[in-house]
1. Suppose we filter A:10, A:35, A:41 for residues that are over 29 Å from residue B:34 (Cβ atoms), within 14 Å of another protein chain (Cβ to nearest Cβ) and modelled with pLDDT under 80; which single one remains?
2. With more than 19 Å from residue A:18 (Cβ to Cβ) and under 10 Å from the mean Cα position of the chain (by Cα) as the only criterion, which of B:20, B:46, B:60 stands out?
3. Hey, among the residues in region B:93-109 that are free of Cβ contacts under 8 Å to residues at least 40 places away in the same chain and part of a helix (DSSP H, G or I), which one's surrounded by the fewest Cβ atoms within 10 Å (Cβ to Cβ)?
4. Would you point out the residue of region A:123-135, among those that are touching a strand residue (DSSP E or B) at 6+ places or on another chain (Cβ under 8 Å) and exposed (fewer than 15 other Cβ atoms within 10 Å of the Cβ), that is modelled with the highest pLDDT?
5. Report yes if residue A:25 is part of a helix (DSSP H, G or I), more than 20 Å from residue B:123 (Cα to Cα) and at the interface with another protein chain (Cβ under 10 Å from one of its Cβ atoms), otherwise no.
6. Within region B:19-58, which residues are in a loop (DSSP other than H, G, I, E, B) and away from every other protein chain (no Cβ under 12 Å)?
7. Which one of these does residue B:49 not meet: (1) more than 18 Å from residue B:116 (Cα to Cα); (2) at pLDDT 90 or above?
8. Is at least one residue of region A:100-108 within 25 Å of the chain's Cα centre (by Cα) and at pLDDT 75 or above?
């Protein structure tokens, strides 16, 4: 009896294990469209509605357990979200700093390539007297140091470049015009961006010349000449980039350089109102002015023979195109 | 000595199997704890064997395993093979040792869960399923075994309460009662 029970038990076990292995082998060996797979799909088709109904009925129970599970997870998720938040905040700050640094570099880049009007604080001034001497082209204005005017501040009007401040009093200042021998302006041909230095033509207050333009520079009569926004030597003025100076009136070929004459746009003999571009303390032009003050002195002694320190701009402050 | 499977027992085991599978797929599997869901089915199989004997345990294991494979569209025969062995083993433990300690369901449940998870992983790897053994797999097995062990006692209580009425009176239990109250005591025979 006992043996019979034992044999039956073992037989059933062997049969069930064998059946399982047969099912496993057959299922694993057949294609997805095989008979066993079909039986499985059929079973699923029958059971699915029942399962859906059971799931719907058990949903409150599931939600209750889910609530406990979520509560357990919440603390961990909160810590994770806080870590993520801190990481993102650090990234945001880094990006903001990078953006500010980028903008600053961009401004510096502009400064290197030339200053812009936005870098200055313009002070309007009226011309109350003008020099009649051909050797010294100066005017006096009614704004001085009390208004923030300083020596070497650029002066413009609505037409273009006028000159620079050469002497300052508390309520007045003297402006040397661009036709004065003491003034040299770093410039460029607007159409070709070819750089050069603008000097007054000796003896002709209505004419300026660009010197040291390479012979292969493309320039024609009618081209406009603008400030390049750089300085080449101590004493030169920090004009913002792109301020009109004049229009090319003559192009001469004097190897190895071209001789270009410019008619100034500003009505230098009939000035009434000008604008002094003052630099706010701490601004880019102010900082650049301090640096410019340390540049080597311009080597020019005689009117009419004004020579820039070096054609290549040995002391050029971050030139936009070299040469000068 | 195990209980002989009767019609009433078979019906109750069948109902238990269906409820366990639907409960598992509809509720329990969707509530993961520490990333692992509790698996009730190997516990139910083991406790059926522990309650009804090796034969009933093996048959119940095969049936529940097949039901799980069909419901979850898994490889047919894999779960039924593992559950057959679990049910048979739990039944044999009951037939040989008849453990009545309070911790027995806990230990049996833990062992059943471990055998189920490890056995399933081994079979899947043997069948060539691309599932490299990793720390994550090991973690899931360990956490799963721990969770199943924790719920083993309540599951055992439910299975025991459900199946007990349909099971015949245990002769060894009658002998123990007689031993304490008299009648079948070796001293009375003398």
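The values are calculated or read from the model by the stated rules, or taken from the named source; none is laboratory data. The structure presented is a predicted model; accordingly, all values stated were derived computationally and were not measured. Because the Cβ atoms are built from the backbone with ideal geometry, glycine has one as well, and the counts that use them run over all protein chains shown.
1. Unique residue meeting the criteria: A:41.
2. On the way: B:20 fails: under 10 Å from the mean Cα position of the chain (by Cα); B:60 fails: more than 19 Å from residue A:18 (Cβ to Cβ).
From the options B:20, B:46, B:60, the qualifying one is B:46.
3. B:96
4. Checking each candidate, the answer is A:124.
5. Answer is no for this residue.
6. First pass over region B:19-58, keeping only residues in a loop (DSSP other than H, G, I, E, B): B:27, B:31-32, B:34-35, B:37-40, B:53.
Matches in region B:19-58: B:39, B:40.
7. It is condition (1) that residue B:49 fails.
8. Within region A:100-108, one or more residues are within 25 Å of the chain's Cα centre (by Cα) and at pLDDT 75 or above.
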